[in-house]
Structures are given as structure tokens and as C-alpha cells.
1. Give me the distance in nm between label points sitting 7 Å out from Cα along the Cα-to-Cβ direction at A:Thr34 and B:Trp75, one decimal.
2. Could you give the semi-axes, largest first, of the ellipsoid that matches region B:84-156, computed as the square roots of 5 times the alpha carbon gyration tensor eigenvalues and rounded to whole Å?
3. Note down the Stokes-Einstein diffusion coefficient of region B:1-129 in µm²/s, whole number, using a Kirkwood radius over alpha carbon pairs, 4 °C, and 1.567 mPa s.
4. Sorted from fewest to most neighbouring beta carbons within 10 Å, what does the list B:Phe169, A:Phe46, B:Phe131 look like?
5. Would you mind computing, in nm to one decimal, how far apart the modelled labels at B:Ala139 and A:Ile83 are, each placed 7 Å from Cα along Cα→Cβ?
6. Can you name the helices of chain B, as whole DSSP H runs, whose Cα span along the helix axis is 15 Å or more and whose Kyte-Doolittle mean is not below 1.6?
7. Treating each Cα of region A:33-142 as an identical point scatterer and ignoring solvent, apply the Debye formula and state log10 I(q)/I(0) at q = 0.12, 0.13, 0.18 Å⁻¹.
8. Run the simple label-point estimate for B:Val29 and B:Trp186 please: 7 Å along Cα→C-beta, distance reported in nm.
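Where a number appears in this text, it was derived from the coordinates with a stated rule and is not lab data. Keep in mind it's a predicted model, so treat the numbers as computed, not measured. Quick reminder, even Gly has a Cβ in these numbers, built from the backbone with ideal geometry, and neighbours come from all protein chains shown.
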Amino acid sequence: MKPLFWLAIFVIPLGLIIAAVPQNTTHPYKLSATELLNEANARTQFISPETVADLIVKKDPTLQLIDVRSRDEYEKFSLSGAIHIPITDLLSEENLAQFDQDVKMNVFYANSTVVANEAWMIIRQLGYSNIYVLEGGLNYWFETILNPGIPSSTSADEEFAKYDFRKAAAQALGGGTVSALPAEGNAAPAPRPAIKAVPKKKKAAGGC
Amino acid sequence: MGPLAINEIISENTNLFLAFVVGIGFGFVLESSGFSSSRKLAGVFYGYDMVVLKVFFTGAITAMLGLLFFSLFGWVDLNLVYVNPTYLTSAIIGGVIMGVGFIIGGYCPGTSFCGLSIGKLDALVFIIGLFIGVGIFGAGFNWWEGVYMAEFLGSPKISTALGLTDGVFALILILVALGMFRGAEWAEKKFPRAEY
């Protein structure tokens with residue numbers, strides 16, 4: 001009787017504490033502040049609109065565009081193949097499952113870079129990789145892809161190559177009404193980023 | 001931060017070595033609690049010695065409270081902790097086989113190795129029977145694979161199945177366990193056996 005009494009005295013308060021406290025569902029940050037600062041300064045997370053346009057035109061299955069604006073803006077206009085994760089819902093469980101993979105490139109975009117970059121910072125700090133931000137957002141996308149400006153005659157060849165590529169992409173993606181110039185040389189969009197294989201965090205295999 | 005091996009804070013080999021050390025500790029505790037005696041172990045089915053119930057339930061409650069408190073402090077990510085998958089049919093059949101074996105033989109697999117380590121011959125016979133059973137299961141796997149994999153329910157936890165949080169379920173389990181310990185002491189008084 002005595003040992004049972006002492007066991008009860010010790011264990012029941014612990015049980016009461018653990019029952020009263022809300023369950024811990026926080027996701028810890030995996031990157032330190034310094035590491036994230038280095039990555040943000042290196043600006044490697046940005047993808048140019050040309051690269052994304054190239055991937056869309058080629059129907060590359062590894063591209064996954066994610067619209068982080070509100071639902072109304074998403075329904076008014078979104079890039080082809082984009083899914084909608086408003087930044088307010090970024091950390092819900094189903095949405096986080098979208099990032100725990102190493103097959104697709106998740107590219108955040110918004111009207112400009114600011115909100116998409118915020119989403120990138122948070123998701124990156126939780127330790128997920130293969131996440132990128134559309135450089136310049138939709139504003140820059142409209143400027144460059146859908147209504148590209150004609151480079152002046154003194155520009156370098158690459159500028160013309162880029163312009164031709166943008167024209168072709170615009171036609172494929174449905175924009176701009178200026179007729180295309182004949183292609184000169186190869187269009188050279190930036191090479192698409194490589195997908196980093198992430199070692200899958202398996203649960204501990206157990207059994208007795 | 002935890003589980004350590006999954007988050008690659010320690011390597012897989014260190015994990016195995018720590019498992020070895022913990023295993024030695026487990027065997028030591030079992031042996032020093034007298035779990036090498038098959039008569040003491042079988043007593044839980046006859047009522048004269050309920051130590052098996054007390055020791056294993058205390059261990060389970062300690063582990064449960066430990067994990068929940070570590071999760072509270074942020075030291076363990078509970079989503080990465082292994083929960084046994086539930087195959088309902090094979091769990092029931094396996095439980096019956098294990099229970100019958102326990103009553104007849106007086107050992108369960110872990111304690112049989114405790115008994116063997118101090119040289120008990122009934123433990124040796126139990127282990128031989130264990131390996132015969134494993135062999136039969138493996139040889140005939142094609143026949144009972146269907147039954148073995150039937151009714152897969154995923155890895156449900158009782159707390160989620162009942163709609164409670166883990167903490168509330170832990171408190172209920174503690175109270176139930178303490179009640180069972182009182183019941184065990186009553187049983188030991190009601191079914192005494194002078195010598196075993």
C-alpha cells in the first residue's frame with residue numbers, strides 16, 4: 001500500500017500537468033539566423049521570368065507555381081498550373097505537406113517580390129529545400145514576358161536573344177500584340193535550377 | 001532535437017550502440033526483478049503474483065510521460081516517433097498465440113533470454129520453441145500472408161481514436177493503471193500461493 005501511495009502522489013500531478021497543457025504542435029526552425037541571412041544575401045532563391053516561361057512552354061512537370069495572394073486575386077488571374085496557398089494559410093498542415101518533397105520546384109509568386117519572398121523565408125527556415133521565388137513577381141512578368149520591350153539597336157546580342165525568347169514565350173502564353181522579330185541565334189534563358197535531393201526524414205523504424 | 005538518429009544528431013551506428021546499452025539495462029532490470037522465474041511470470045494469469053502487470057505498466061507510463069513532457073519542452077518531434085502499424089486480424093491472432101504460450105511456458109520472448117542468461121533449462125526449451133515457431137511462420141508465409149496483412153488501419157493512436165488530446169488520455173491511463181495496481185494487490189491477497 002505504501003509504495004502505491006507514493007507512486008500515486010508522484011505520478012498523478014504529472015498527469016494533471018500534461019493533461020492541462022495544450023499539445024505542442026510547433027514546427028522548430030532548422031536554419032540559424034546567420035544561415036538564413038547568408039542565403040537571403042546570396043539571392044539564389046530567385047528564378048527569372050524567362051526560366052519560368054521556358055518551363056511552362058516546355059510543360060516541365062517538375063515546376064509547381066504557388067500563388068500566395070488572396071483568393072480573389074488568384075481567381076482573377078493566375079499563371080498556368082499555379083496552385084493557391086494564401087500566405088495567411090502558409091503553415092497549415094496540408095499546405096506544409098506540399099513542401100516536404102524533393103521532386104518538384106515550388107516557385108512562390110505574388111504581385112511583386114515582397115510577399116513571395118516572405119513565404120520563401122519562412123518555409124526555408126523550417127528546413128525545406130527546392131523552394132524559389134519568381135523574380136519581380138507578376139508585375140515584372142507582365143513587363144518582360146507578356147509585353148516585352150524592344151531592345152534599342154545598340155544593345156548587345158544577348159538582349160536581342162532574350163527579347164526573341166520573350167516574344168515566343170508571350171505568344172505561347174497568350175499576351176502582347178507586337179509581331180515577333182525573326183529569331184537571331186539561340187534564345188538563352190538561364191538554365192533551370194537543379195532539384196536538390198532531400199534525404200527523406202523517415203520515422204524511426206521500431207518494433208520489439 | 002529528437003529523435004536523435006532521425007535528425008542526424010547521432011549516426012545510425014551510435015544509435016545501435018545506444019540500443020545495445022539500453023538493452024543491457026533492460027535485461028538487468030528484468031533479471032533483478034525476478035523475471036527469470038517462469039512461475040513468477042505466470043503468476044499474473046493465476047493471480048498470486050502480479051509483478052508483471054506492475055512493472056510493465058509502470059514502464060509504459062514512464063515512457064509516455066517522458067515523451068509527452070519532452071514534446072512539451074520541444075526536445076522531441078512526436079511526428080517522427082514510430083507508432084506500430086495496426087493490422088487488426090493478425091494482432092488478435094498473434095495476441096492469442098502469445099498469451100497461450102505465456103501461460104503454458106511461463107515466459108515471454110524477452111524474459112526467456114533473461115532466464116537463459118542465468119542458465120535455466122525451461123528458458124532454453126522456450127527459446128527453441130520460439131525459433132521453431134519463427135521457422136514455421138517464415139516457411140508458410142505464402143499461405144498466411146493474406147491474413148497477416150488484413151485489416152490495415154494505419155497507425156492510429158488511442159487518443160485520436162477517442163477524440164481526446166494525448167495529455168488527457170495520459171491522465172486517464174494513469175488513473176486506470178493505479179486502479180489496476182490496487183486490483184492487483186487485492187488479487188494477490190485473494191489467490192495466495194505459499195511457495196512458487
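1. In this crude label model, A:Thr34 to B:Trp75 measures out at 2.6 nm.
2. Here the semi-axes work out to 27, 14, 10 Å.
3. It diffuses with D of about 76 µm²/s by this estimate.
4. B:Phe131, A:Phe46, B:Phe169
5. Distance between the two pseudo-spin positions: 5.1 nm.
6. B:51-73, B:88-105, B:121-139
7. -0.37, -0.43, -0.86
8. In this crude label model, B:Val29 to B:Trp186 measures out at 2.8 nm.
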